[in-house]
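Beneath this line is the structure, given in structure tokens, with notes to follow.
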Amino acid sequence: MYKRFKTIHMKRIFLYAAIAGTITLSACSDFLEVEPVGSIGVSSLLDQNGIEQVTNGMYATLYNNDNFAGNLTNYQYGDVLAGDANKGSTFNDQSSFTNFEVYQITTDNSYFNSKWSNVYQGVHRSNYVIDMANQAKAAGSISDELYNRVIAEAHFFRGFWHFEGIRVFGAAIPYVSQEDYLASVSPQVSNVDESGNYIYIWDKTLADLEYAYNNLPSNWTATGDYGRVNKWAAAAYIAKLKMYWSSPYNGTNATSNKWEEVKSMIETIMANGEDAKGQKYRLADTYETLVLAGESDWTGESVFDIQNTIVSTQTVTNAIYGSSHIAPPGALSQGGWGFYQPSYNMANAHIVDANGLPYLNGEYRDFPTVTQLTANGPVTDLTRYTDPRLDVSVGRFDVPYYDWAIPTALSTGSWIRDTGNGGVYVNKKYMPRKRDKGSLSSSTSAGSSAKNTHLIRYADVLLWYAEALIETGNPGAALEYVNMVRARAAKGYIKAADPATMEETTSSYVFEDLVNGTTKANAAANYRLGLWPASQFATKEGATAALRYERRMELGLEGHRWFDLCRWGVVYDEVTDYIAYEKQYLPKFQRSVYDKAWVTLPIPYNQILVMQGALVQNENWK
């Protein structure tokens, strides 16, 4: 018998991949082609049950077994390219990833093709659902209520996937409409007009998301389909799309100032937004709660999640980062591949000053790394004061790794495959606790976890609002929202543990909670946290620096940072500084150079070949 970690009942907790195999779509080299329907005949799906099945299959596009390039965690782009993480594993493992990691980026890297394909598979499935729903309506075989709901969900996903393409490849990519989908088996949608000018798809993507916002329910309490998207998730994606649309990049992405609209939409979300269970959005009680199975899913902070579960030996729905992909090689008993290691730079960025604030001018680069690689193995300076969020996101030696063990220099090999390639830190944020694994079959992967993957959470929305206030001329007002997120970080910290039992124990280390004016005992290491002073937000420049730093700490290793750096137009400076810092410890970066043009990634060369002139490389990669 296996142990269930979530209730599996389609009308109560909707599991995105539960019907992933219901519709089988054939593979093809160009994902802008219309694929054949598959192994189940169309006529058998044109009723209430069939339309539910194809809609549920659309949610399954949120899962992808391409561990390295295609899935929605985006750690390869958001974290590795930004310098918050190293590839990990060994240097020769996954050469395409190694080239990507050390910034030897070419348009024919297979990872880009995988990401592109995943995006347009999602677009295709959305159009397929719209087509099937239209056929069922014409046949009179589904209710108006179901039809309206399904069409709204499909519009959300079509907008969601086009926006995912925009984030990675820029806004001059093909928009595949329902008309394009129905036109032929190979619509060959171009990204340029007859004069060769780029066609930017901001407005068409927005139209999909706005349709979803106007037609989806506020919550799913009536049916219990809590895993479905609601109108407030659509609202958040509208705000996010417009925020990207408003950002400078490097002048190559047809951006336009829409900050007032961003601000207005987020105010609506903050006033009325609720999750699928009808809970008004709020911050989870502690930062650690966000990464604990059984506690993280319905805190009120989740705006849009990928739902995960653990069932028997199934890993598709419980290891969003890909089976054992990011797990340490032996420390969690089942073995892992050891990818996705936090960087030296990212760990040291959590060092704080006497006021519990980070070093905005980069002084943390001048301090010794909080974990040193000695002749005997990695050793952490536990006396160094850091933001307590560090040990939630990052696994450090000599600090408890959940309830598994305390990594020590003597156990280096079971935690890290190659310290000379990946450094001395271990991914932690989306790994399971030992107690979460329970009595599961030994063939369940080391990375399996029942905790959801947060694509947008309320802390992210609050920081967007602070950014919108800054950009619309009111930096002082942004202080409240940045400090709201920061104050939550003071509500918890990692406690010391007995190495033999992993139960809490006493220690000489403390958490200096300057937010509430208390000192808390028995910490796993020294922590300190204070609030930003009003003086920091007296100017746009000061407020911007604090806001950007807070996003790095709060959303660390959640796949956002490179996208932020690009839209802010600062990616070249930040990554150049990262390379200079990280190569002190990892020689593989000695010849790395980041190009100023790289604020979007290249449209895959293979796709341009397949499209035979209809698809033109984006401006940054010509």
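The values are calculated or read from the model by the stated rules, or taken from the named source; none is laboratory data. Just so it is clear, the model here is predicted, and its values are computed rather than measured. All Cβ positions, even for glycine, are placed from backbone atoms using ideal geometry, and neighbour counts span all protein chains on display. Just the protein is used for accessible areas: all its heavy atoms, side chains included, with ligands, DNA and RNA removed. Shrake-Rupley method; radii C 1.70, N 1.55, O 1.52, S 1.80 Å.
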Counting only protein heavy atoms and rolling a 1.4 Å probe, one gets per residue an accessible area for region 50-192 in Å² of 25 Å²
Computed about the Cα centre, the charge dipole of the chain from +1 Lys/Arg and -1 Asp/Glu charges at the Cβ has a magnitude in debye, to the nearest 20, of 1080 debye
The size of the Cβ-based charge dipole (Lys, Arg +1; Asp, Glu -1) of region 87-211 about the Cα centre, to the nearest 20 debye, is 280 debye
Longest principal axis of the chain (C-alpha) makes with the long axis of helix 259-272 (C-alpha) an angle, in degrees to the nearest 10, of 80 degrees
Restricting to aspartates and glutamates and to Cα separations under 20 Å from Lys588, and discarding same-chain partners fewer than 8 apart, the set is Asp79, Asp84, Asp93, Glu101, Asp418, Asp573, Glu574, Asp577
Sorted by accessible surface (1.4 Å probe, heavy atoms of the protein chains only), largest first, Met502, Met611, Met484 come out as Met484, Met502, Met611
Per residue, accessible area of region 451-586 with a 1.4 Å probe, heavy atoms of protein chains only, in Å², comes to 34 Å²
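Which whole-number percent of Cα pairs in the chain have a distance greater than 46 Å? Walk me through the intermediate numbers first.
On the way: 22962 of 193131 pairs.
Roughly 12 percent, rounded to a whole number.
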Carbon/sulfur accessible area of region 471-558, % of total, 1.4 Å probe, equals 49 percent
Helix 475-489: inclination vs the chain longest Cα principal axis, degrees, rounded to 10, gives 70 degrees
Sorted by accessible surface (1.4 Å probe, heavy atoms of the protein chains only), largest first, Lys240, Lys258, Lys622 come out as Lys622, Lys258, Lys240
For Tyr481 the rounded accessible area (nearest 10 Å², probe 1.4 Å, non-protein molecules ignored) is 40 Å²
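Roughly to the nearest percent, how much of the accessible area of region 178-270 is carbon and sulfur, given a 1.4 Å probe?
Summing carbon and sulfur atoms, their accessible area is 46 percent of the total for region 178-270.
Output the relative contact order of the chain, whole-number percent, from Cα pairs under 8 angstrom with separation of 6+ residues.
For the chain, the relative contact order is 19 percent.
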Packing-ranked peptide list from 379-392, 46-59, highest mean Cβ count within 10 angstrom first, is 379-392, 46-59
The answer for region 314-438, accessible area per residue at 1.4 Å probe in Å², is 30 Å²
Computed, not fitted: 222 nm per-residue ellipticity of the chain from DSSP H runs ≥ 4 (each -39500 (n - 2.57)), nearest 500, equal to -10500 deg cm²/dmol
Percent of all alpha-carbon pairs of region 169-237 at distances over 21 Å, whole number, is 45 percent
Heavy-atom accessible area of region 340-382 with neighbours in place, 1.4 angstrom probe: carbon+sulfur share in percent works out to 47 percent
Between the Cα axis of helix 571-582 and the main Cα principal axis of the chain, the angle (0 to 90°, nearest 10) is 40 degrees
Here the residues of region 222-249 lying in the modelled label zone of Ser143, meaning backbone nitrogen under 16 Å from a point 7 Å along Cα-to-Cβ, are 222-225
PRE zone check, label point 7 Å out along Cα-to-Cβ of Asp353, amide N under 16 Å, scope region 373-413, hits 385-387
In the structure shown, of Lys277/Lys428; Lys231/Lys277; Lys204/Lys242; Lys87/Lys428, the pairs separated by more than 20 angstrom at the C-alpha atoms are Lys277/Lys428
One finds, for Glu363 and Lys277 with R0 = 56 angstrom and r their Cβ-Cβ distance, a FRET efficiency to the nearest 0.05 of 0.80
